[in-house]
Amino acid sequence: MQTIWLSGAEWLAVLRVGLGLWWLESWRHKDKKGWFERGTGIAWAADVAGKHRWPVVGKGFDRIVAPRPKVMAHVVVYAELALGLGLVTGFLTPVALVAGLLLNLLYLVLMIHDWAEQGQNAMMALISLVALFAMSWQTWSLDAAIGLFR
């Protein structure tokens, strides 16, 4: 593969790091006090799930998330932080890419009616797939430095 400036593997690492920075920004801009103390994030998601065009989404939310809103708020917020850190540093990269892909797919299903959100989640999911199947952890990563996932 011929590229300008960086090698193909280095460009894939740039893509991976960029995706990690996107997750870190998602974490950074969240109102953590609102999510953790007032339950605003889960309340918003409950409202969306309750009005969802697919009844299974509301039922799934009621069964999995609604009984444990504080735990789920922490799971969502800290998952975004962990994904960002894992992708930027290249630590447990395949795990972070698969987890991020699943989280983006979950967000896609939840926000099926909001095209603005769909674009962001679709792009993040696509980057996750490319970075995963191209094994983007081979360059500029802790995984490569310690010999994980060869």
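The values are calculated or read from the model by the stated rules, or taken from the named source; none is laboratory data. Being a predicted model, the structure only gives us computed values, none of them experimental. Please note: Cβ atoms are built from the backbone with ideal geometry, for glycine as well, and neighbour counts cover all protein chains shown. Accessible surface areas use protein heavy atoms only, side chains included; no ligands, DNA or RNA. Shrake-Rupley method; radii C 1.70, N 1.55, O 1.52, S 1.80 Å.
Residues checked against (1) open to solvent by 70 Å² or more (accessible area, probe 1.4 Å); (2) more than 27 Å from Asp62 (Cα to Cα):
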{"site": "Ala73", "(1), (2)": "no, no"}
{"site": "Val76", "(1), (2)": "no, no"}
{"site": "Gly86", "(1), (2)": "no, yes"}
{"site": "Gly90", "(1), (2)": "no, yes"}
{"site": "Leu105", "(1), (2)": "yes, no"}
{"site": "Leu110", "(1), (2)": "no, no"}
{"site": "Gly119", "(1), (2)": "no, no"}
{"site": "Leu126", "(1), (2)": "yes, yes"}
{"site": "Val130", "(1), (2)": "no, yes"}
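Consider the range 17-42 and keep the residues that are of a type in the set (Gly, Ala, Ser), part of a helix (DSSP H, G or I) and in contact (Cβ under 8 Å) with a residue 12 or more places away in the chain. The one that is most open to solvent (accessible area, probe 1.4 Å) is Gly18.
Only one of the numbered conditions (1) among the hydrophobic types (A, V, I, L, M, F, W, C); (2) open to solvent by 80 Å² or more (accessible area, probe 1.4 Å); (3) free of Cβ contacts under 8 Å to residues at least 40 places away in the same chain; (4) in a helix (DSSP H, G or I) is not met by Met1, and that is (4).
Which one is nearest to Gln120 (Cα to Cα), of the residues in the range 61-106 that are over 11 Å from the mean Cα position of the chain (by Cα) and aromatic (Phe, Trp, Tyr)? Per the stated criteria, the residue is Phe61. Just one of the numbered conditions (1) of a type in the set (Phe, Trp, Tyr); (2) within 14 Å of Leu110 (Cβ to Cβ); (3) open to solvent by 40 Å² or more (accessible area, probe 1.4 Å) is not true of Phe61: (3).
The helices (runs of 4 or more DSSP H) found entirely in the range 51-134 that carry 1 or more residues being within 29 Å of Phe149 (Cβ to Cβ) and either touching a residue at least 12 places away in the same chain (Cβ under 8 Å) or among the small types (Gly, Ala, Ser) (or both) are 69-89, 93-110, 115-133. State whether the residues of the range 103-112 include one that is touching an Asp or Glu at 6+ places or on another chain (Cβ under 6 Å) and within 24 Å of Val130 (Cα to Cα). Yes, the range 103-112 contains at least one residue that is touching an Asp or Glu at 6+ places or on another chain (Cβ under 6 Å) and within 24 Å of Val130 (Cα to Cα). Just to be sure before I move on: is Ala131 at pLDDT 95 or above and among the hydrophobic types (A, V, I, L, M, F, W, C) in the structure I sent? Criteria met by Ala131.
Counting only residues that are among the β-branched types (Val, Ile, Thr) and under 14 Å from Leu19 (Cβ atoms), the range 116-141 holds 2 of them.
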